Ligand SMILES: Nc1nc2c(c(=O)[nH]1)N[C@H]1C(S)=C(S)[C@@H](COP(=O)(O)O)O[C@H]1N2
Ligand SMILES: [Mo]
């Protein structure tokens, strides 16, 4: 019933290779993202603050490869779905294990791509925590994938190279899949790739659209920080604690840095920031260069109210307590009166509406 060149192992192998590349990129960049956002133990002390655009590139690749995997996985599943109707369904112990493995692989892969895609839309219509689920599902999917490739090793090897000319039907199908991948990439990648900005039609963000030329993830209204307390002061706690008014901060040496906001949800945008060096603020509090930093926002609550910064970022001369962006005083949505901007870090850690900095 399914006798066609589209359901043959050769088609599955060609698609599987492309899907494998996309998933490998997605998995590795995902691990990196997880590590950077939530560094635990000894890792925290070894994360580099350069290259400045490191996280921007890696998270851009993560979302691009994840989106490309959607048409690839769909085509792959469609190619092999006749296997669902195999008879008898189970031919013994090892066959049962293999089929169970494929069930876990397909289920975890579909759920992984689905949750990731919805995450780029900032839509969380489920009761479980996104990040932990996405992280552990990735391991499940990769484990299942390795088992699958091992089990199918001989079959894959047999069809790795094409024998004879490809049937027209298969060529057309693979051409259509390639075109789909190109299309979904073209209409979404502009959220992180500046020169694809104009074709960014379906991504939730255009990196150059927003107040002061920059998108906003969580607005001041959402965070409840719209009205900054009249007597706002920056408090710096450390061996020699002190407080600064806005005028005090403006009297310190000001620096400028071109740094990106690279949101974990997939968009990124570069901006020109200016303000005072975090290293200067920490030195003034008597902190050694090995000091880590904890920053607390004016926000009353929210997952990103408190942020920890390893020493390598805190002492980087590009890391600023920014007061201005693209030549203007920060708007409320971008973190007025002051925000953190550091090189090479996920957007979630670029704390807005800073109230307190603590030397750890
Ligand atoms: N205090 C606080 N800072 C925050 C957030 C937040 O929710 N609260 N969101 C972060 C996220 S997820 C991102 S991507 C950046 C976005 O910065 P922008 O809105 O100025 O572009 O701010 C970060 N800073
Ligand atoms: Mo973000």
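The values are calculated or read from the model by the stated rules, or taken from the named source; none is laboratory data. Just so it is clear, the model here is predicted, and its values are computed rather than measured. So basically every Cβ, Gly included, is an ideal-geometry build from the backbone, and we count neighbours across all protein chains shown.
Out of all the residues in the stretch 181-200, is one or more within 16 Å of ligand 2 (Cβ to nearest atom), part of a loop (DSSP other than H, G, I, E, B), at pLDDT 95 or above and surrounded by 17 or more Cβ atoms within 10 Å (Cβ to Cβ)? Before you say what the answer is, go through the steps one by one.
To start, the set of residues in the stretch 181-200 that are within 16 Å of ligand 2 (Cβ to nearest atom) comprises 191-192.
With part of a loop (DSSP other than H, G, I, E, B) added as a condition, the list becomes 192.
Cutting the leftovers down to at pLDDT 95 or above gives us 192.
Next, only the ones that are surrounded by 17 or more Cβ atoms within 10 Å (Cβ to Cβ) stay: 192.
Yes, some residue in the stretch 181-200 is within 16 Å of ligand 2 (Cβ to nearest atom), part of a loop (DSSP other than H, G, I, E, B), at pLDDT 95 or above and surrounded by 17 or more Cβ atoms within 10 Å (Cβ to Cβ).
Test residue 308 against the criterion of being over 16 Å from residue 232 (Cβ atoms), in contact (Cβ under 8 Å) with a residue 12 or more places away in the chain and touching a strand residue (DSSP E or B) at 6+ places or on another chain (Cβ under 6 Å), and give yes or no. If you could, list the steps in order and put the result at the bottom.
On the way: over 16 Å from residue 232 (Cβ atoms): yes; in contact (Cβ under 8 Å) with a residue 12 or more places away in the chain: yes; touching a strand residue (DSSP E or B) at 6+ places or on another chain (Cβ under 6 Å): yes.
When the stated conditions are applied, residue 308 passes them.
Report whether or not residue 230 is assigned by TED's automatic domain parsing to the domain that holds residue 304 and within 21 Å of residue 342 (Cα to Cα). Can you show your working first?
On the way: assigned by TED's automatic domain parsing to the domain that holds residue 304: yes; within 21 Å of residue 342 (Cα to Cα): no.
In short, no.
Within the bounds of the stretch 204-225, is there any residue that is buried (at least 22 other Cβ atoms within 10 Å of the Cβ), away from ligand 2 (no atom under 16 Å from the Cβ) and outside any loop (DSSP other than H, G, I, E, B)?
no
What number of residues within the stretch 321-351 satisfy the criterion of being away from ligand 2 (no atom under 15 Å from the Cβ) and over 20 Å from residue 290 (Cβ atoms)?
So the count comes out to 14.
Where in the stretch 251-360 are there strands (runs of 3 or more DSSP E), lying wholly inside it, with at least 1 residues that are surrounded by fewer than 22 Cβ atoms within 10 Å (Cβ to Cβ) and more than 15 Å from ligand 1 (Cβ to nearest atom)?
Values: elements: 255-262, 268-277, 293-297, 306-309, 320-325, 339-341, 354-359.
Passing ranges, in order: 255-262, 268-277, 354-359.
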